[in-house]
Structures are given as C-alpha cells and as structure tokens.
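The values are calculated or read from the model by the stated rules, or taken from the named source; none is laboratory data. The structure presented is a predicted model; accordingly, all values stated were derived computationally and were not measured. Cβ atoms come from the backbone with ideal geometry, glycine included; neighbour counts cover every protein chain shown.
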Amino acid sequence: MSEQNPGGAPGGSPGGSNGGGPPRPGGGFHRRRRGRRFGRGGPPRPGQRPQGQPEAGGEGQLPAALPPPPAAREDGLVLVDTHCHLADAAFDRDRRAVVERAHAQGVAFMLSVGSDAESSRKTIDVAGSFRGVYAAVGIHPHEVKGIDNKTLPAIASMASHSRVVAVGEIGLDYYRNNSPQKAQRHWFREQVRLAVKAGKPVIVHCRDAGEDVHAILAEEKVWRAGGVVHCFTGDAELAKKFLALDLHLGAAGPLAFDDGQALQEVFAQVPIERVLVETDSPYLAPPPMRGKRNEPALAYQVAETLARIHGLSTGEAARITTSNARRLFGIGPERKGGSLAYAHEGRLYLNITNRCQNACYYCGLLSDRVFKGHDLTLPSEPAEEPGAAAILEAAGDPSGYGEVVFSGFGEPTLRLDVLAEVARGLREKGAKRIRLVTNGLGSRTAGYDIVPELRGVLDAVSVSLQAATPEAYAKVCKTQGIENPYPSVKDFVRSARLHFPEVEVTAVRMPGIDIAACEKVAREELGVPFRAREYVLTD
Ligand code: SF4
C-alpha cells in the first residue's frame with residue numbers, strides 16, 4: 001500500500017496562491033534574454049558573443065577554481081542541468097573545460113537548448129561531442145520573425161535525431177516583443193504540435209505572457225508530450241495552472257538570488273517532484289557568481305536552494321530532481337531499482353512488495369515507481385521478492401527514527417510472514433514505533449482474518465479507505481480479482497480496532513475522492529479517527 005502519491009498525475013496542485021502578476025523580487029531578477037544581462041542591442045546572432053559577454057579568460061570569466069561546493073553536498077550527488085546553452089558563443093573557447101568542470105562537480109548530464117535553426121544544429125553537434133550532453137531543438141520567440149517555409153521542417157527533422165530529447169526553446173515573450181506577438185503565438189502553437197507529433201517534451205519560454213502560453217498549451221493538449229516551463233518566475237497561481245497541465249517548472253539561478261525570496265515562496269508550494277534544476281547558462285549565474293558567465297557546474301547552487309526551501313538535504317533534492325529529469329527527458333543515471341528502505345522526514349519507510357490488489361488511478365505503482373527520487377521497483381514474481389533478512393539489512397538501525405512505516409508501492413499484507421518477521425526484527429533492533437499502511441484487503445485476499453496474527457507486532461495501522469460507497473471505491477481503486485471489495489476494507493478496520501492500540505482511516509486528497517464522506521464513514525460508522533492525506537507528501 002502506498003502512502004505516497006508521487007506528483008505525476010494531471011490535476012495536482014500546489015497549495016495556495018499569492019495571486020497577482022509574476023513576482024519581481026527586488027524588481028531585478030526577472031529574466032534576461034539576450035541583450036539584457038549581457039548588454040543592450042538585442043539578441044546576439046549565432047557565432048556572435050552577446051554584448052558585454054566576457055571573453056574566456058577575461059573579466060567575468062569563471063575563475064579556474066569554482067566556489068567550493070555547498071557544505072551539505074553529499075558524495076555521489078548526480079545532477080542534471082536541464083537547460084543550458086552549450087552551443088552559445090560564450091563557450092566557444094573553452095567548451096570542453098566547461099563540460100569537464102560540470103562533470104567534476106557532479107553535474108553528469110546536461111540538456112543543451114537551441115534557439116533558432118542554426119543554434120539547434122550546433123547544439124546537436126555539441127551533444128554528439130560530449131558524454132552526458134543532450135540536445136533540444138526549436139525556435140525561440142525572439143527568433144520566430146526569421147522563420148521561413150524551410151524552418152519548421154528542418155526542426156522536425158532535427159527533432160528525430162537520437163541525441164535530441166526535447167523541442168525548445170519555444171514560447172512567448174511579451175516583455176521584449178522582439179517578434180510580433182501574433183507571429184509568436186502562431187509559431188509557438190506550431191512547434192507544440194511538432195513536439196506532440198514527435199513525441200518529445202517541450203521546453204517553454206514564458207515571459208509576461210502566462211495567460212497566452214497557458215491557453216495555447218492547454219488547447220494543444222501539451223500533456224501528450226509533457227514538458228517544462230523553464231526558468232519559471234511566475235506566481236503561485238500560474239504555477240498551479242501549469243502543473244495542472246502535467247508540466248514541470250524549471251528552477252534556475254534567480255531562485256538563489258539574494259532578492260529571490262518571493263520566488264522561493266512560490267517554489268515552496270510546488271511539489272519538488274515537478275521541479276527541474278537548470279542553469280540557463282551562460283546567463284543568470286547564481287550567487288556567488290551572479291553577473292558573471294554562468295555554466296552547468298553551478299547547477300548545484302540551485303539544487304541547494306531548492307533543498308533549503310523544501311527542508312531536504314542537497315543530496316535528496318538532487319536525487320529527486322534528477323529522477324524528474326529522467327522521467328521527462330529520459331536522461332540521467334541508470335535506474336538502480338529495488339530500494340527496500342528509505343528515510344523521509346524522520347521516519348524510516350519499508351518497501352517490501354510491488355504487488356497490490358488495487359490499481360488506484362493516481363498511484364505511482366502504475367507509472368514510474370519512484371518516490372522522492374528513490375526507485376522502489378521490486379521484482380513482480382513473489383519467489384524473487386527480497387526476504388526478511390535483506391529487508392532488515394536495508395533498514396539498518398531503526399532506533400534513530402520516530403517511526404518505521406511499512407509503506408511502498410504495493411500492499412505489505414500480501415507478504416504477511418515477511419511483514420511479521422521484519423517487524424519483530426525491527427523491534428529487537430530498537431524500533432520505537434512500527435506502523436502498517438494498508439489498503440485493508442489483506443484478510444479478504446488471505447481468506448481469513450489476518451489481523452490477530454499481527455497483534456503485538458505492530459503499534460499502529462493506517463487503513464486507506466478512499467471512498468464512502470462501493471461504487472466510488474470501484475472507480476478510484478480499480479480492485480483486480482475481488483468482487484465487491486469495499487465492505488472487506490471496512491471489516492478490516494473493525495477487526496483492527498479490536499487488536500491494535502492505534503487505528504486510523506485515511507483518504508488522499510485527489511479528484512474523485514470525497515474526503516468529507518470518507519471522514520463520516522470513519523468516525524460515525526467505524527468509530528476510528530480520520531486523516532486526509534495530502535497529494536504529494538507522505539506523513
Ligand atoms: S494501487 Fe495499491 S499501492 Fe497503489 S495506492 Fe492503491 S492500494 Fe496503495
């Protein structure tokens with residue numbers, strides 16, 4: 001039984017909104033695009049260094065020694081810089097050194113993004129030249145005024161290249177209006193269609209054009225391709241609207257700026273499972289390099305800020321955002337699979353099976369089986385599932401956790417013997433409190449009341465009810481091979497009340513789940529406390 005609800009389903013929303021227009025912390029961080037940060041005079045042409053852009057080795061060039069990594073950085077940290085412009089002329093003199101510095105800092109993967117046909121071609125060449133570098137191709141809104149009848153076919157052809165994993169940078173920019181707005185909207189829509197047809201996610205530029213960007217993405221059903229609104233600097237309301245389209249939000253250098261507090265407050269409300277780390281280099285360098293040339297090696301400064309906002313370690317933020325990049329773009333380290341135990345917010349979670357009687361429509365079990373960057377994929381064959389000894393070894397010393405919870409992508413009571421043996425072993429090792437999260441179908445599957453067997457083994461049980469009627473339960477949980485399962489869940493709760501010191505009924509706040517009705521059943525019919533669980537975070 002999963003107590004987690006990885007933020008992957010359309011319709012998910014961060015809580016709250018600060019309303020109004022895009023935040024401009026200090027009025028200063030809002031995004032550059034050519035001609036701002038690196039000087040005036042409009043966008044640079046391919047091969048032309050933007051005005052004010054430092055030359056390699058000149059003023060503003062990164063020093064030979066990068067700033068020291070964040071103190072919280074963990075060994076083995078692997079980051080994906082999901083948005084950089086390695087084909088930019090700013091890197092012409094030292095591109096290889098830039099990529100090597102990124103690798104040395106743990107930024108093992110980079111997605112280099114094109115902005116017109118020529119830079120897209122160059123980006124593919126760059127991606128083909130370096131380990132861990134991939135490409136996105138597309139026409140930036142500033143450049144759409146130069147599109148002719150050969151441009152989009154060329155981008156479509158490039159999009160099929162094996163090293164190309166996305167279509168971008170595309171979108172709308174009503175701040176600079178370097179191309180007429182009508183042309184911007186037309187070519188943005190055409191490129192979204194191209195991405196959907198190519199089956200590649202979009203990388204979206206959105207500046208002072210949130211409503212129109214959202215409208216086009218919604219009308220073109222962008223969720224068929226997926227994508228990211230890169231370097232997101234909008235408000236919480238706009239973030240919520242993009243998340244509802246199943247899009248990700250890109251976090252870049254401005255998040256780490258000293259005047260980035262308003263943006264940090266927005267990102268605090270965005271599930272980190274929907275956030276991608278990016279540098280947008282050579283632009284928007286985070287502190288302590290602000291104002292200088294940016295490069296992918298500085299992606300971990302963004303990850304560190306994200307970690308602080310979400311109360312995670314830098315390693316956790318890296319693991320989760322790297323997992324997000326792999327899910328969206330298919331790039332990143334190989335999945336290892338098989339995490340049996342993982343810590344989160346002072347609790348130790350045990351993942352002992354991926355089998356489940358249900359197929360809840362929102363469950364990560366049915367998609368990527370990743371939670372907080374931990375790959376919880378286990379063998380589907382019972383004979384190949386890990387034994388109690390392996391689970392206990394993975395759990396390590398449980399005495400330092402406030403609680404040990406049996407809760408992964410699967411239903412723990414399907415492995416009743418292993419569950420009991422592991423729980424007893426944990427108790428001997430000093431576990432303070434042991435809780436089972438279950439769908440309550442264990443007794444029905446076993447053909448007898450299993451609850452007495454777990455008496456004395458567990459301290460608490462959380463039963464996921466999810467519905468107030470058999471019909472609603474069938475719609476949400478889609479139980480396989482069990483006729484009319486809902487009454488059996490309630491019977492499980494009634495039995496649990498007799499045998500465990502603590503029993504609660506829960507339901508997840510998701511579309512189609514009537515929380516008030518579930519609470520009524522729990523409290524009035526079953527006589528147990530009720531807890532509504534949030535969309536993303538477990539507790
Ligand atoms: S499908 Fe199974 S593991 Fe996933 S949420 Fe539903 S009951 Fe839990």
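Just a few scattered comments:
- Residue count for the stretch 58-105 under the criterion of being modelled with pLDDT of 70 or more and over 19 Å from the mean Cα position of the chain (by Cα): the result is 21.
- Number of positions in the stretch 330-361 that are among the aromatic types (Phe, Trp, Tyr) and within 12 Å of Phe409 (Cα to Cα): 1
- Breaking point among (1) within 16 Å of the ligand (Cβ to nearest atom); (2) modelled with pLDDT under 90; (3) small (Gly, Ala, Ser), for Gly337: (1)
- Scanning the stretch 396-425 for residues that are charged (D, E, K, R) and within 16 Å of the ligand (Cβ to nearest atom) yields Glu411, Arg415.
- Number of the exception - Gln466 against (1) of a type outside the set (Val, Ile, Thr); (2) within 16 Å of the ligand (Cβ to nearest atom); (3) more than 21 Å from Pro382 (Cα to Cα); (4) surrounded by fewer than 24 Cβ atoms within 10 Å (Cβ to Cβ): (4)
- Between Ala318, Ala383, the distinction of being away from the ligand (no atom under 16 Å from the Cβ), among the aliphatic types (A, V, I, L, M) and closer than 29 Å to Val78 by Cα belongs to Ala318 only.
- Residue match in the stretch 439-453 (condition: in contact with an Asp or Glu (Cβ under 7 Å, 6 or more places away or on another chain) and more than 18 Å from Asp491 (Cβ to Cβ)): no
- Residue pairs whose Cβ atoms lie under 7 Å apart, sitting 6 or more positions apart in sequence or on different chains, and linking a residue in the stretch 257-269 that is farther than 18 Å from Ala299 by Cα to a partner that is β-branched (Val, Ile, Thr), are Ala268/Ile309.
- Beta carbons closer than 8 Å, at least 6 apart along the sequence or on distinct chains, pair a first residue in the stretch 366-380 that is in the same structural domain as Ala390 (by TED's automatic domain parsing) and among the polar types (S, T, N, Q) with a second that is assigned to a loop (DSSP other than H, G, I, E, B) and more than 12 Å from the ligand (Cβ to nearest atom) for Ser367/Gly8; Thr377/Arg335; Thr377/Gly337; Thr377/Gly338.
- Filtering the stretch 476-514 to residues that are of a type in the set (D, E, K, R) and either in contact with a Phe, Trp or Tyr (Cβ under 8 Å, 6 or more places away or on another chain) or closer than 22 Å to Cys363 by Cβ (or both) leaves Lys478, Glu483, Lys490, Glu504, Arg509, Asp514.
- Taking the criterion of being modelled with pLDDT under 90 and in a helix (DSSP H, G or I), the residues of the stretch 302-318 that qualify are Thr314, Gly315, Glu316.
- Within the stretch 427-457, the only residue that satisfies the criterion of being modelled with pLDDT under 95 and either under 16 Å from Arg531 (Cβ atoms) or in contact with a Lys or Arg (Cβ under 7 Å, 6 or more places away or on another chain) (or both) is Val457.
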